[in-house]
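Scroll down for the structure; my scribbles are underneath it.
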Amino acid sequence: MRATVNTDEKSIGRVKSSATVKDGKKIDSHQLPALPISTIWMISFGFLGVQMAFSLQSSNMGRIFQTIGADPTKLGFFFILPPLAGLVVQPLVGYFSDRTWIPKLGRRIPYLLVGAAVAVIVMCLLPNAGSFGFGFGSITALTFGAVTILFMDLSSNVAMQPFKMMVGDMVNEEQKGFAYAVQSFLSNSGAVLACIFPFVLTALGVSNSAPKGVVPQSVVVSFYSGAVILIVCSLFTVFKVKEYSPDEYAVYHGIQNQAQKEKMGMFQLLLNAPKEFWTITVVQFFCWMGFQYLWTYGAGAVAKNAWNAVDPSSTAYQEAANWFGVLSGVYSLAAVFWSLVLTKVPKNKQKPAYAFSLVLGGVGFGSVFFIHNPGTLLVSFILIGIAWAAMMAFPFTILTNALSGENMGTYLGLFNGSICLPQIVASCLSFLIFPALGSSMPAMILLSGVLLVIGAASVSLIKTTQTK
């Protein structure tokens, strides 16, 4: 059975709205009702699987493309494609899902189903980019890898957006901080599983080496496993969560003029966006640039500093890449625990907690440049995980509390531009910055630390207001 919501609970709201009827009972709510804890968990449960897909992609992209023959100085090109896909797709998913209602499925869930199905197919193709006989470093092999990365990110973005939007749709302001912290917890739990899979599979005897130009089986099987978990977790949300009908949604969000909502386009919505939308975007810009360089150069930085390895086909490099996967799992695990801490942060303390977390992350990034011992890097990545947890929880909590229910999905889709655009900028700038820093991958991670500290300072720009 799908989880249901008690619509008879009394609550004090911000907006007045007219009554409607559900299951034969009249409801006259002035705000979203409190949800059972189990429903809040089920809304986000599928996010565990989606984040597995993203984490397998982010922690293995550099390794896969260098393995199939990509020039390290051109890695930024391949890392432009995923955020470019998100920049286009996420606002469209939000815009159209705001205007979608399919009986027995809902508003956001149809997009979740389509995105998850396509993502599963592409996850089975990506790690085999070097296994179809295209040739090491050939244009065909690199193009195949680039196209599969593009479609993987397109489908993952379509699958991911509904989870964020359903929190905005269904969770009231008092529970929203907890709901996004739960989403962060599940997201990072999925990331932990994704990042340690190649390491664990290697320990279990799955081959971690392969002929030149071929991705090792430890990575291939990890992607297959992630695909299975993605579809299973997504189906939990599909079958356990029932979205509000259009009438219920209008009542709970105080939407009275549906016709006006339908006429408002995305550009007009941007012009009317609350100031939180833009000030959080400034913080996001620096933070996501920093993490983009981690995903692009992290494996190479660990290989160079801790293994003194630069050849992707060498056993030492593949061992270092496995260890980078473990480190990525460590920062995700740290984020799991830190996200639980963040659930206890009161609303008036969110900004200081946000800034403090980003500073710790900046210290973690910066320390990678100076550390040459694999074990000591664990401390660096714990600090990085603290910043990651804050980035997953606070921006969406602050923004959705500043939005009314109208066009919620469109605004969240547009806001994802604050995630995608800095990644695109970072990848484009890497063609200049990477050579300027002596083509040093550890130096690029040091730059990430500087960017996180600037992001922390930018938190002071955020001024919160009450929803109209």
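The values are calculated or read from the model by the stated rules, or taken from the named source; none is laboratory data. From a predicted model like this one, the values you see are computed outputs, not experimental measurements. Glycine gets a Cβ as well: all are built from the backbone with ideal geometry, and neighbour counts include every protein chain shown. To get the accessible areas, we keep the full protein, side chains included, count just its heavy atoms, and leave off ligands, DNA and RNA. Shrake-Rupley method; radii C 1.70, N 1.55, O 1.52, S 1.80 Å.
Looking only at residues that are open to solvent by 60 Å² or more (accessible area, probe 1.4 Å) and small (Gly, Ala, Ser) in the range 191-218, which one is modelled with the highest pLDDT? Restricting to residues being open to solvent by 60 Å² or more (accessible area, probe 1.4 Å) and small (Gly, Ala, Ser), the top hit is Gly205. Within the range 109-150, restricting attention to residues that are within 16 Å of the chain's Cα centre (by Cα) and closer than 19 Å to Val220 by Cβ, the residue that is modelled with the lowest pLDDT is Ile149.
For the range 126-141, the count of residues that are touching a helix residue (DSSP H, G or I) at 6+ places or on another chain (Cβ under 9 Å), of a type in the set (Val, Ile, Thr) and part of a helix (DSSP H, G or I) is zero. Is the range 413-425 home to any residue that is open to solvent by less than 60 Å² (accessible area, probe 1.4 Å), assigned to a helix (DSSP H, G or I), touching a Ser or Thr at 6+ places or on another chain (Cβ under 7 Å) and within 30 Å of Lys176 (Cβ to Cβ)? Within the range 413-425, one or more residues are open to solvent by less than 60 Å² (accessible area, probe 1.4 Å), assigned to a helix (DSSP H, G or I), touching a Ser or Thr at 6+ places or on another chain (Cβ under 7 Å) and within 30 Å of Lys176 (Cβ to Cβ).
Quick check on Gly205: is it assigned to a loop (DSSP other than H, G, I, E, B) and either without any contact (Cβ under 8 Å) to a residue 60 or more places away in the chain or over 22 Å from the mean Cα position of the chain (by Cα) (or both)? Yes, satisfied.
The sole residue among Lys304, Lys275, Lys240 that is in contact with a Phe, Trp or Tyr (Cβ under 8 Å, 6 or more places away or on another chain), surrounded by fewer than 21 Cβ atoms within 10 Å (Cβ to Cβ) and basic (Lys, Arg) is Lys240. Candidates Phe337, Phe291: the one that is farther than 20 Å from Asp71 by Cα and in contact with a Phe, Trp or Tyr (Cβ under 8 Å, 6 or more places away or on another chain) is Phe291.
Are any of the residues in the range 280-288 out of contact with any Cys (no Cβ under 9 Å at 6 or more places or on another chain) and within 16 Å of Ser58 (Cα to Cα)?
Pass one, the range 280-288, residues out of contact with any Cys (no Cβ under 9 Å at 6 or more places or on another chain): 280-287.
Next, from what is left, pick out any that are within 16 Å of Ser58 (Cα to Cα): 287.
Yes, the range 280-288 contains a residue that is out of contact with any Cys (no Cβ under 9 Å at 6 or more places or on another chain) and within 16 Å of Ser58 (Cα to Cα).
Looking at the structure I just gave you, is Ile462 farther than 12 Å from Cys287 by Cα, touching a helix residue (DSSP H, G or I) at 6+ places or on another chain (Cβ under 8 Å) and in contact (Cβ under 8 Å) with a residue 24 or more places away in the chain? Break it down into steps so the answer makes sense when it comes.
Working: farther than 12 Å from Cys287 by Cα: yes; touching a helix residue (DSSP H, G or I) at 6+ places or on another chain (Cβ under 8 Å): yes; in contact (Cβ under 8 Å) with a residue 24 or more places away in the chain: yes.
So Ile462 passes the test.
Looking only at residues in the range 308-320 that are open to solvent by less than 60 Å² (accessible area, probe 1.4 Å) and modelled with pLDDT under 85, the one that is farthest from Gly62 (Cα to Cα) is Ser314. Annotation: of all residues in the range 352-387 being open to solvent by 60 Å² or more (accessible area, probe 1.4 Å) and part of a loop (DSSP other than H, G, I, E, B), the one that is nearest to Val459 (Cα to Cα) is Phe369.
With respect to being at pLDDT 90 or above and aliphatic (A, V, I, L, M), Ala334 fits the description. Could we say that Leu447 is open to solvent by 20 Å² or more (accessible area, probe 1.4 Å), part of a helix (DSSP H, G or I) and in contact (Cβ under 8 Å) with a residue 24 or more places away in the chain here? For Leu447, the condition - open to solvent by 20 Å² or more (accessible area, probe 1.4 Å), part of a helix (DSSP H, G or I) and in contact (Cβ under 8 Å) with a residue 24 or more places away in the chain - is met. Does Ser225 satisfy being of a type in the set (S, T, N, Q) and crowded, with 23+ Cβ neighbours inside 10 Å? So Ser225 does not fit the description; no.
Screening the range 147-164 for residues that are open to solvent by less than 10 Å² (accessible area, probe 1.4 Å) and of a type in the set (A, V, I, L, M) and picking the one that is farthest from Trp41 (Cα to Cα) gives Ile149.
So which of Val122, Val167 ends up being touching a residue at least 24 places away in the same chain (Cβ under 8 Å), buried (at least 19 other Cβ atoms within 10 Å of the Cβ) and in contact with a Ser or Thr (Cβ under 6 Å, 6 or more places away or on another chain)?
Values: Val167 fails: in contact with a Ser or Thr (Cβ under 6 Å, 6 or more places away or on another chain).
Residue meeting the stated conditions: Val122.
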